[in-house]
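For reference, the structure discussed in these notes is given below.
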Amino acid sequence: MRNTRIVILSLVCLAFLSVVKALSHEPELGSARVVFQTSYGDIEFGFYPKVAPKTLDHIFKLVRLGGYNTNHIFRVDKGFVAQVADVANGRSAPMNEEQRKEAEKKIVGEFSDVKHVRGTLSMGRYDDPNSAQSSFSMLLGDAPHLDRKYAVFGKVTKGDETLRKLEEVPTRREGIFVMPTERITILSTYYYDTEMESCEEERSVLKRRLQASFVEVERQRMKCFP
């Protein structure tokens, strides 16, 4: 009986330690948020500034430059990933020189112990671990085989219903990729800070959304009516 109690106590202790270990790998979100407005609904992202600071700086600069506007989600593999295309090749609108320069930068692989679970944001790359540019995936399920091999930099904080819509779109297979049969466009993007006061936040968000829309309308005008 005594031995049974010791075994049970040991198992409880091991379970407790496993929970503590898991929690210790859950990084703290920063206050910044980015919203992608897609043709299937909005998706909001939160970020881990202490986990992947170089990656985050790069992504934020592209968002501020309007780089992801008119880009698209080129890959939807149900239960695995929905992947945003590289900015340099995925946009339908032309890029200016500043956008192209930032989009073509290669970012060092900031690999960590943060797990790849549903909602995780993870940078895409080629075989070179330091080849990430601007493509990233939103995890649609747990993918432990990606842990410590791809840079996790944030997670989806709102918009899981949009991810579920994406999982239901018709797809086709091209090599290793499962791709939607119709383009899933990122119509526009904007960012805000959760620590801002409510009214100021709403004004700031609205201003950024209007500015983003104006920039893209002007670029399209210059493209079509030079």
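Summary of packing: across the peptides 175-185, 141-151, the per-residue average of other C-beta atoms within 10 Å ranks them, highest first, as 141-151, 175-185. The apolar share of the surface of the stretch 106-195, taken as the fraction of accessible area on carbon and sulfur atoms (1.4 Å probe, ligands and nucleic acids excluded), comes to 50 percent. Net charge in the neighbourhood of VAL81 (other residues with Cβ under 11 Å of its Cβ; Lys, Arg +1, Asp, Glu -1) is +1. Between amide H atoms placed 1.01 Å from N, distances below 5 Å from SER92 occur with ASN71, all of them 5 or more places distant or on a separate chain. Remark on the stretch 65-196: hydrodynamic radius 15.5 angstrom, per the Kirkwood mean of 1/r across alpha carbon pairs. Under a 5 Å amide H cut-off, with hydrogens placed 1.01 Å from N, THR157 pairs with GLU44, PHE45, GLY46 among residues at least 5 apart or on other chains.
So if each residue of separation counts as 0.36 nm, and I subtract the Cα-Cα distance between LYS61 and SER131, what length gain in nm does that give?
On the way: separation 70, 0.36 × 70 = 25.20 nm, distance 1.77 nm.
Working it through step by step, the gained length comes to 23.4 nm.
In order along the stretch 42-51, the phi-based Karplus estimate (6.51 cos²θ - 1.76 cosθ + 1.60, θ = phi - 60°) of 3J(HN,Hα) comes to 8, 10, 9, 10, x, 10, 10, x, 8, 8 Hz; Gly and Pro are listed as x. Identify the residues of the stretch 61-102 with backbone N under 15 Å of a label point that sits 7 angstrom from the Cα of GLU167 along the Cα-to-Cβ direction, or state none. Output list for this probe position: 76-83. Amide H to amide H distances under 5 Å link SER39 with THR185, LEU187, where only residues 5 or more positions off or on other chains count and H is placed in the peptide plane. What the phi angles of the stretch 134-139 give under the Karplus curve with 6.51, -1.76 and 1.60, with θ = phi - 60°, is a coupling list of 9, 7, 8, 10, 9, 5 Hz, glycine and proline written as x.
The values are calculated or read from the model by the stated rules, or taken from the named source; none is laboratory data. As the structure is a computational prediction, the values presented were derived from the model and not from experiment. Quick reminder, even Gly has a Cβ in these numbers, built from the backbone with ideal geometry, and neighbours come from all protein chains shown. SASA here: full protein model, heavy atoms, side chains in, ligands and nucleic acids out. Shrake-Rupley method; radii C 1.70, N 1.55, O 1.52, S 1.80 Å.
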